[in-house]
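**Student:** Encoded as structure tokens, here's the structure I'll be asking about.
The values are calculated or read from the model by the stated rules, or taken from the named source; none is laboratory data. Being a predicted model, the structure only gives us computed values, none of them experimental. So basically every Cβ, Gly included, is an ideal-geometry build from the backbone, and we count neighbours across all protein chains shown. We work out accessible area using only protein heavy atoms, side chains counted, and drop any ligands, DNA or RNA first. Shrake-Rupley method; radii C 1.70, N 1.55, O 1.52, S 1.80 Å.
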Amino acid sequence: SCLSFFCFRTSLVTPLIFGLLLQPPLTHLSIITQPNIVLLMADDLGIGDIGCYGNDTIRTPNIDRLATEGVKLTQHIAAAPLCTPSRAAFLTGRYPVRSGMDAINNYRVIFWNGGSGGLPPNETTFAKILQQQGYRTGLIGKWHQGVNCESRNDHCHHPLNHGFDYFYGMPFTLISDCQPTETPEMDRAFRRKLWLSTQMIGLVTLTAALGRLTGLISVRWKTLTCLAAFSLLFFISWFSSYGFIRHWNCIMMRNHEVTEQPMVTDRTTSLILRESISFIERNKHKPFLLFLSFLHSHTPLLTTKKFLGRSSHGLYGDNVEEMDWMVGQVLDAIDKEGLQNTTLVYFASDHGGWLERQEGKRQLGGWNGIYRGGKAMGGWEGGIRVPGIFRWPGVLPAGTVIDEPTSLMDIYPTVVHLAGGVLPQDRVIDGRDLMPLLQGTVEHSDHEFLFHYCGIHLHAVRWHQKDSGAIWKAHYVTPVFRPLGAGACYDRGFCPCFGEGVTHHDPPLLFDLSRDPSEAKPLSADTEPLFDTVIRKIGRAIEEHRRTLTPVPEQLSMYNVVWKPWLQPCCGTFPFCWCDKEGDH
């Protein structure tokens, strides 16, 4: 009968409809499948140093292939122009000023493995959330977020305390002192400052002691003892900066164990690559997060013989081409394990290239393309606009270019959502989930304003006026370039954030990056009818942003950055720290 036919048809159609309803749409596929996540971060690489961003002399076929097979971001912004604060923002999804990882003084990065500053234990990294979601998490390469707080083995800032199951690499950063043949990077200016601080504290201690002995000043012995200890600490730190840096800072660790002290630089590249591929192979059957934090292309530009002399840009070009080869090896490992379609790969640099890094006529720092400024400059695009590439075959449309403002802080909410995790509700997260933008389901970035800090000093603000397409950028402070007419602070080696080395602008310098990405022609009330409106709008945004900031301990304070013998990682009996456990294998 018709009724039985109808029931038969219904019994067929109903499961079909339910099946279709339960089928995850493409945009939700990722959340269900928990993709593997491979984050590749270069060190000091300029946006103008790779082929897919316009360089036609340095060969980067593997990074270029990522862009061809994925999504390339052309306005990808670091939250800080230096390693330590930029990476803190990347790991936490928050401006570094919120975690105390931006400098109040001229010590803008972590200077010693034996310092007490670092990424605070109460910060929640994306690795920690992914770990809770069942991911195996690994960090291979550079950390530069501190090691210990109060004792040699408390490891409060260590990667394993911040959500990583496995760590192999440098707890510090590569510096020229790590290569005995290179000119030391812990330069004379730094030593001069340390010596000056030592003398000043010593003078205060001596004055207080004499005052106490003569009865002219009422000082407690406890205060005098503290001052004397502080003087001694600064003297030891100054003394250690001569010849000891390689032993104290240039070390390799596996998890909590020091494996090389000092590191043997000839084999560092091959070990980092071996560890990265091994991590992928060991964890191929479960979702994994691999953060491969390259030592390339930071000075002293460790480059194996195979790549020396291959590029037309000297040692720097050779180093970038070797890093590109390493990227290719990691991609090959992903393909070999059949993980290509279940792995999101991301490539970026922590900030812009270091323009001032030269030796004679040799340029040892990167190139930032058409963008003004470079590393250490909080406002100018060259210091903060970096490569940003995502690849996930079948989920992200290949060959896509996105010009919208995005941030390194956006990786945090993006990977947390992909892992099925929940963002911390007890703090401000400044990053935004990029998946809708990357997949093309929305046209505009979620960022209306981005704040560009130099240390704790706000140097510039970007306003994305979505209805008009304008990208307004107001500079309140800019560094003074020397010599006059140069494009960087060649006299200092680094541009400062405050003091006599900067210029304050009132009204601020205003640019529309959509028309003038090189920031060559500042606008004025005479040339831009919207000048006053834009400045007012940005001013209100700054007020709102500042209301969200809360006081936190300064991780890069003078006390935290100074070297403390009792915090120094050591693989022997301090101070006889020497080992080569890799060579013993």
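**Student:** Failed condition for Q465, given (1) surrounded by fewer than 23 Cβ atoms within 10 Å (Cβ to Cβ); (2) within 22 Å of N36 (Cβ to Cβ), with all others met?
**Tutor:** Single failed check for Q465: (2).
**Student:** Say whether the condition of being modelled with pLDDT of 95 or more, open to solvent by less than 10 Å² (accessible area, probe 1.4 Å) and among the polar types (S, T, N, Q) is met by at least one residue in the stretch 330-345.
**Tutor:** Yes, the stretch 330-345 contains at least one residue that is modelled with pLDDT of 95 or more, open to solvent by less than 10 Å² (accessible area, probe 1.4 Å) and among the polar types (S, T, N, Q).
**Student:** Scan the stretch 452-471 residue by residue and report those that are over 17 Å from M101 (Cα atoms) and assigned to a strand (DSSP E or B). Even if it seems obvious, please write down each step before you answer.
**Tutor:** The initial filter retains those residues of the stretch 452-471 that are over 17 Å from M101 (Cα atoms), namely 460-471.
Of everything in the stretch 452-471, those that are over 17 Å from M101 (Cα atoms) and assigned to a strand (DSSP E or B) turn out to be A460, V461, R462, W463, H464, Q465, A470, I471.
**Student:** Could I ask something else about it? Among the residues of the stretch 343-357, is there at least one that is in contact with a helix residue (DSSP H, G or I) (Cβ under 6 Å, 6 or more places away or on another chain) and either over 26 Å from S276 (Cα atoms) or among the β-branched types (V, I, T) (or both)?
**Tutor:** Within the stretch 343-357, one or more residues are in contact with a helix residue (DSSP H, G or I) (Cβ under 6 Å, 6 or more places away or on another chain) and either over 26 Å from S276 (Cα atoms) or among the β-branched types (V, I, T) (or both).
**Student:** While we're on this one: Taking the stated definitions as given, is G487 within 26 Å of G374 (Cβ to Cβ), of a type in the set (G, A, S) and open to solvent by 20 Å² or more (accessible area, probe 1.4 Å)?
**Tutor:** Spelling it out, G487 is indeed within 26 Å of G374 (Cβ to Cβ), of a type in the set (G, A, S) and open to solvent by 20 Å² or more (accessible area, probe 1.4 Å).
**Student:** Also, quick follow-up: For the stretch 549-585, what are the residues that are among the hydrophobic types (A, V, I, L, M, F, W, C), over 19 Å from H457 (Cα atoms) and outside any helix (DSSP H, G or I)?
**Tutor:** The answer is V562, W563, C570, C571, F574, F576, C577, W578, C579.
**Student:** A follow-up question, please. Condition first: touching a residue at least 60 places away in the same chain (Cβ under 8 Å) and among the β-branched types (V, I, T). Now tell me which residues in the stretch 433-458 satisfy that. Outline the logic, then answer.
**Tutor:** Step one: list which residues in the stretch 433-458 are touching a residue at least 60 places away in the same chain (Cβ under 8 Å), which gives 435-436, 438-439, 441, 448-458.
Hits for the stretch 433-458 are T441, I456.
**Student:** Pick from S278, S231, S237, S270: which is in a helix (DSSP H, G or I), at pLDDT 95 or above and in contact with a Ser or Thr (Cβ under 9 Å, 6 or more places away or on another chain)? Break it down stepwise before answering.
**Tutor:** Details: S278 fails: in contact with a Ser or Thr (Cβ under 9 Å, 6 or more places away or on another chain); S231 fails: at pLDDT 95 or above; S237 fails: at pLDDT 95 or above.
Going through S278, S231, S237, S270 in turn, the sole match is S270.
**Student:** Further question: So R212 fits all but one of (1) modelled with pLDDT under 80; (2) of a type in the set (K, R); (3) touching a Cys at 6+ places or on another chain (Cβ under 8 Å); what number is the exception?
**Tutor:** Unmet for R212, out of (1) modelled with pLDDT under 80; (2) of a type in the set (K, R); (3) touching a Cys at 6+ places or on another chain (Cβ under 8 Å): (3).
**Student:** Examine the stretch 348-359 for a residue that is outside any loop (DSSP other than H, G, I, E, B), at pLDDT below 95 and closer than 16 Å to L301 by Cα, and state whether such a residue exists. Let's see the steps before the verdict.
**Tutor:** Going residue by residue through the stretch 348-359, those that are outside any loop (DSSP other than H, G, I, E, B) are 348-349, 358-359.
Next, only the ones that are at pLDDT below 95 stay: 358-359.
Then drop every residue that is not closer than 16 Å to L301 by Cα, which leaves 358-359.
There is at least one residue in the stretch 348-359 that is outside any loop (DSSP other than H, G, I, E, B), at pLDDT below 95 and closer than 16 Å to L301 by Cα.
**Student:** Any residue in the stretch 49-67 that's open to solvent by 10 Å² or more (accessible area, probe 1.4 Å) and assigned to a helix (DSSP H, G or I): show its pairings with residues that are modelled with pLDDT of 95 or more and of a type in the set (S, T, N, Q) at Cβ separation under 7 Å, as long as the two are six or more apart or on different chains.
**Tutor:** Taking only residues 6 or more apart or on different chains, the pairs are G51/T60.
**Student:** Given the stretch 361-444, what helices (runs of 4 or more DSSP H) lie entirely inside it while holding 2 or more residues that are β-branched (V, I, T)?
**Tutor:** On the way: elements: 381-384, 411-418, 435-439.
Per the criteria, 411-418.
**Student:** Do you know which of the residues in the stretch 495-531 that are open to solvent by 80 Å² or more (accessible area, probe 1.4 Å) and within 29 Å of the chain's Cα centre (by Cα) is farthest from I456 (Cα to Cα)?
**Tutor:** Filtering the stretch 495-531 for residues that are open to solvent by 80 Å² or more (accessible area, probe 1.4 Å) and within 29 Å of the chain's Cα centre (by Cα), the one farthest from I456 (Cα to Cα) comes out as R515.
**Student:** Among V480, V442, which is aliphatic (A, V, I, L, M), out of contact with any Leu (no Cβ under 9 Å at 6 or more places or on another chain) and closer than 15 Å to D403 by Cα? Let's see the steps before the verdict.
**Tutor:** Details: V480 fails: closer than 15 Å to D403 by Cα.
Only one candidate qualifies: V442.
**Student:** Okay, next question. Which of (1) in contact (Cβ under 8 Å) with a residue 40 or more places away in the chain; (2) open to solvent by less than 10 Å² (accessible area, probe 1.4 Å) is the odd one out, the single condition D318 does not satisfy?
**Tutor:** Against the list (1) in contact (Cβ under 8 Å) with a residue 40 or more places away in the chain; (2) open to solvent by less than 10 Å² (accessible area, probe 1.4 Å), D318 comes up short only on (1).
**Student:** To continue, here is another question. Does any residue of the stretch 114-136 turn out to be hydrophobic (A, V, I, L, M, F, W, C), part of a loop (DSSP other than H, G, I, E, B) and touching a residue at least 60 places away in the same chain (Cβ under 8 Å)?
**Tutor:** Scanning the stretch 114-136, I find at least one residue that is hydrophobic (A, V, I, L, M, F, W, C), part of a loop (DSSP other than H, G, I, E, B) and touching a residue at least 60 places away in the same chain (Cβ under 8 Å), so the answer is yes.
**Student:** Among the residues of the stretch 381-404, which ones are crowded, with 24+ Cβ neighbours inside 10 Å and touching a His at 6+ places or on another chain (Cβ under 8 Å)?
**Tutor:** The answer is G383, I384, R385, V386, P387, G388.
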